[in-house]
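To start, the structure itself, in structure tokens.
The values are calculated or read from the model by the stated rules, or taken from the named source; none is laboratory data. Keep in mind it's a predicted model, so treat the numbers as computed, not measured. Neighbour counts are summed over all protein chains in view; Cβ atoms, including those assigned to glycine, are modelled from backbone coordinates with ideal geometry.
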Amino acid sequence: MRWTSIVAIFTLFWVLSAFLVLPFGVRTHHELGMDLIPGQVHSAPGNFSPRRIVLRATILAVVSFALYYANYTHHWITIDDLDVSHLLGLN
């Protein structure tokens with residue numbers, strides 16, 4: 001696998017991971033007992049931390065990509081394993 005492919009696939013894993021970890025641990029101002037700023041929506045996060053999101057997304061992306069790359073090199077699951085046409089009677 002070329003290094004450019006590795007970078008592109010890891011980037012896809014990282015973006016997906018970022019969206020997956022984004023809602024975890026976020027609390028509203030009401031849940032934290034903080035006052036709202038006038039004009040602020042009630043569901044706005046009160047403890048948003050981009051560093052925490054980046055760290056969690058990076059860890060999840062590294063683990064996910066490591067599993068993907070191990071499968072790529074060892075061929076644990078191949079495209080033939082994903083062929084369900086025989087289950088549907090299409091052969």
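Taking region 31-57, which residues are charged (D, E, K, R) and exposed (fewer than 14 other Cβ atoms within 10 Å of the Cβ)? Talk me through it step by step, then tell me what you get.
Going through region 31-57, the residues charged (D, E, K, R) turn out to be 31, 35, 51-52, 56.
The answer is E31, D35, R51.
Every residue, every condition in (1) in contact with a strand residue (DSSP E or B) (Cβ under 7 Å, 6 or more places away or on another chain); (2) closer than 22 Å to T73 by Cα, yes or no:
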{"position": "L12", "(1), (2)": "no, yes"}
{"position": "S17", "(1), (2)": "no, no"}
{"position": "T28", "(1), (2)": "yes, no"}
{"position": "L36", "(1), (2)": "no, no"}
{"position": "Q40", "(1), (2)": "no, no"}
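For region 1-49, the set of residues classified as touching a residue at least 12 places away in the same chain (Cβ under 8 Å), closer than 30 Å to N71 by Cα and assigned to a loop (DSSP other than H, G, I, E, B) consists of M1, L22, F24, listed by residue number. In region 1-30, of all residues being of a type in the set (S, T, Y) and modelled with pLDDT of 95 or more, the one that is surrounded by the fewest Cβ atoms within 10 Å (Cβ to Cβ) corresponds to T4.
Residue selection: L60 satisfies the criterion of being on the phi < 0 side of the Ramachandran plot, surrounded by 10 or more Cβ atoms within 10 Å (Cβ to Cβ) and in a helix (DSSP H, G or I).
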